[in-house]
Each structure stands twice: as structure tokens, then as C-alpha cells.
């Protein structure tokens with residue numbers, strides 16, 4: 001090469017190009033001359049006596065950028081992330097599941113007040129009136145991620161933002177509700193877990209028929225206002241009732257003490273012989289009162305979560321919701337560490353539980369068939 005015969009080596013004719021650096025003292029800290037800060041090292045800078053050579057310049061620049069990158073990582077590690085938590089029901093009703101979620105986050109190293117804060121928003125079962133505003137409030141706060149607990153909350157959050165990651169804990173049918181494109185490739189900013197609510201309602205109806213001999217009429221507690229999740233559940237249940245030759249009495253229920261009492265009175269008037277509810281967060285939040293009323297009116301009932309049985313209910317069959325909330329914490333962990341929601345497939349519930357409470361059966365004077373007891377995962381005696 002032409003430059004090889006000249007003093008200074010083969011790269012003598014080719015100036016070394018570096019990024020333009022700015023900021024007080026940047027050039028001097030690197031050992032770079034004032035003229036080098038323009039973007040091109042002059043000849044004296046590279047080869048003048050007492051000046052640094054090309055290798056030294058590259059080494060110092062590499063050190064500079066590595067240091068800058070390390071500082072950026074340190075700042076990210078020291079950041080306190082803000083998580084939004086959006087639910088359709090109440091704080092007291094959701095406490096057991098929220099605690100499972102928080103404990104799992106803690107195991108993963110996410111501690112409230114240390115590196116995360118959680119902004120809780122509960123619609124108090126006023127879904128239409130409050131959910132959109134609560135979702136918008138979380139977006140206004142510029143949270144880093146939003147956790148949603150059911151289909152209504154997920155739809156509200158998705159309507160409020162297309163950029164903030166959204167993690168679902170247990171919507172029944174995310175694809176059917178239009179929350180994701182598919183389970184394997186959700187697309188967009190929404191991912192998480194599904195409780196298979198619609199499909200499991202059919203199974204609950206089958207168990208109820210096995211538990212109550214000669215059952216012909218079942219009361220179904222449902223909320224007055226429908227949404228796509230409720231519509232999907234009703235579609236499955238109505239078809240299942242026809243197949244099982246059962247009359248399904250749909251009872252619209254207000255979720256307060258007076259409304260729930262009225263619903264059970266209506267059930268007795270319609271001469272139903274057993275009760276079940278749709279799988280919704282508001283019903284879950286009111287589980288204690290619902291269980292008490294089922295006992296008061298001596299109606300066998302099956303519920304969608306084991307927590308109803310923990311409150312004294314007769315039977316439950318459904319996904320392990322605590323497991324879903326713990327798994328959701330792992331998705332939160334991965335997203336906060338940089339994974340995109342679109343790269344995380346929506347996972348369906350894999351762990352299910354069938355629980356029977358013989359104490360509750362005795363209180364209402366009902367005998368559970370032995371064959372059904374043998375199928376239960378847990379029997380409370």
C-alpha cells in the first residue's frame with residue numbers, strides 16, 4: 001500500500017474517525033486533543049511526540065463507552081418501576097390473590113418500596129362507570145406495566161393504551177374477547193394467562209347434576225349487565241344445559257347484600273334445586289355472602305374457585321387462581337427485564353382443583369354420592 005512506505009505505518013493517510021464528543025472536559029478526560037473533538041484526529045495527535053497513538057485512542061474510547069454503558073445499566077437497576085393493578089371488584093375481596101401475586105414478585109426480587117411500587121385500582125363492581133376512568137388514570141401515571149384480573153379490566157386497559165405492557169391473570173377467553181390475536185402469538189401489548197372460564201362452567205354443571213340426584217332445574221346467578229366475557233360463558237352454559245336436559249334459570253343479581261338476598265329468594269320461588277354463578281371477579285369478591293345465603297336457603301352450589309369452599313361453600317371446580325397469579329408475577333418479571341409482551345405466549349390454566357366440603361353438605365342435609373367424593377382432589381370433613 002502507498003501509505004506503508006511512509007513514516008507512521010500503513011494507516012498514515014487515513015485519518016481515524018470517532019464519534020463527536022461533547023460535554024465539559026470530555027476530550028481531556030479521554031486524552032483526546034481539542035482538534036480531535038471535531039471528529040478527526042490530526043497527525044500530531046496520533047504521531048506527535050508525547051501524544052497518544054492510535055491503539056491508545058481506541059482503548060480509551062472503548063473504556064469510555066463501556067463505562068457509560070455500565071452506568072446506564074446501574075441507573076436502570078436502581079429504577080423504581082411502577083406497576084398498575086386493575087380489578088373490577090374490591091380490595092378486600094381480592095386480598096388473597098393479590099397477596100399470592102405480591103409474594104411471588106418478592107421471591108423474584110421485586111420488593112414494594114425498594115424497586116417497585118404498585119398502583120392498585122378497584123372498580124368496586126361498578127364496571128361500566130369506573131373501569132375506563134381507572135384504566136386512563138394508570139396510563140396518566142405512566143406506569144411501566146398494567147396487571148389486569150379479568151376480561152373487563154383487560155378490555156379497559158387495552159382501550160386506554162397500545163404501548164404500556166398489559167399482563168392478564170385470568171380472563172376466560174382472551175382470543176374470543178379480542179384481547180389477543182392468538183394464544184401462541186398474542187401480538188400488540190397484551191399477554192398473560194387464561195382461566196378457561198367458559199369451558200369449565202360446562203364441567204361445573206355436569207358435576208352439579210352428578211351431585212344432586214334427579215336434578216332438573218338449576219339457578220344461575222349472573223350480573224345484570226353483560227360483556228363479551230359473560231356472553232361467552234352464557235353461550236357455553238345454555239348449550240350445556242340443553243345437552244344435560246337441565247332447565248337453566250338465569251337470575252340477574254345485584255352485588256350488594258339486598259340484591260344477593262333477593263336473588264336467592266327468586267331461586268326458591270323458581271323452585272331451583274341447585275345454584276351456580278358465572279365466573280366473575282365481582283362474584284368472587286362477594287363469595288362469603290353468597291356461601292352464607294346458599295346455606296341459609298339450603299341450596300347445593302358449585303363455585304368456580306376453591307376460596308368459596310374455604311369460606312364454607314359446598315363444592316368448587318376450576319383453575320387454581322393462586323397459581324395463575326403467581327405465574328403472572330413471572331411474566332411481570334420478564335417484561336420489566338426487557339421482554340416484549342408480544343414475545344410471550346398466552347398460557348392457559350394447567351392446574352385444576354375439585355374440592356368438596358362435607359361439613360357444608362351436612363349443614364344443608366345433603367348427601368354427596370361416593371363416586372363423586374372419589375373424584376375430588378380434596379375433601380373437607
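Nothing in this text is a laboratory measurement; each read-out follows from the coordinates by a stated rule. Predicted, not measured: the structure shown is a model, and the values here were computed from it. Note that each Cβ is placed from the backbone with ideal geometry, even for glycine, and that neighbours are counted across all protein chains shown.
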Which whole-angstrom value gives the distance between the alpha carbon centres of the stretch 196-261 and the stretch 295-314? 14
Full extension from residue 103 to residue 254: what is 0.36 nm times the residue separation minus their Cα-Cα distance, to one decimal in nm? 51.1 nm
Tensor-based shape of the stretch 224-307 (alpha-carbon gyration tensor, a/c under 1.5 rounded, otherwise prolate or oblate): oblate
Taking 7 Å along the Cα-to-C-beta vector as the label spot, tell me the residue 136-residue 82 distance in nanometres, rounded to one decimal. 1.8
Expected sort for 332, 242 with the fewest Cβ neighbours (10 Å cutoff) up front is 242, 332
Please compute, over every Cα-Cα pair in the stretch 266-345, the percentage with a separation greater than 19 angstrom. 49
Convex hull per residue volume in Å³, alpha carbons only, for the stretch 254-295: 67
Pair residue 235, residue 159: separation of 7 Å Cα→Cβ label points (nm): 2.0
Ranked packing of 180-186, 233-239, most packed first, by mean Cβ within 10 Å: 233-239, 180-186
Mean Cβ neighbour count within 10 Å, used as a protection proxy, ranking 163-170, 190-197, 91-98 highest first: 190-197, 163-170, 91-98
Highest first, please rank the peptides 260-268, 79-87, 278-286, 141-149 by the mean number of other Cβ atoms sitting within 10 Å of their residues. 278-286, 141-149, 79-87, 260-268
Computed from the beta carbon distance with a Förster radius of 45 Å, FRET efficiency for residue 379 and residue 242 to the nearest 0.05 stands at 0.90
Give me D for the stretch 235-381 in µm² s⁻¹, whole number, from Stokes-Einstein with Rh from the Kirkwood sum over alpha-carbon pairs, 25 °C and 0.890 mPa s. 143
Here the Kirkwood hydrodynamic radius of the stretch 173-296, Cα-based and in Å, equals 15.6
Between residue 348 and residue 217, what FRET efficiency comes out of the Förster formula 1/(1 + (r/R0)^6) with R0 = 35 Å and r the beta carbon distance, rounded to 0.05? 0.65
Please state, rounded to one decimal and in Å, the Kirkwood hydrodynamic radius that the stretch 144-193 gives when every pair of distinct Cα atoms enters the mean of 1/r. 10.4
Once both labels are modelled 7 Å past Cα along the beta-carbon direction, what's the residue 225-residue 310 spacing in nm? 2.9
Stokes-Einstein D (µm²/s) once Rh is taken as the Kirkwood radius of the stretch 123-242 over alpha-carbon pairs, at 37 °C in 0.692 mPa s: 209
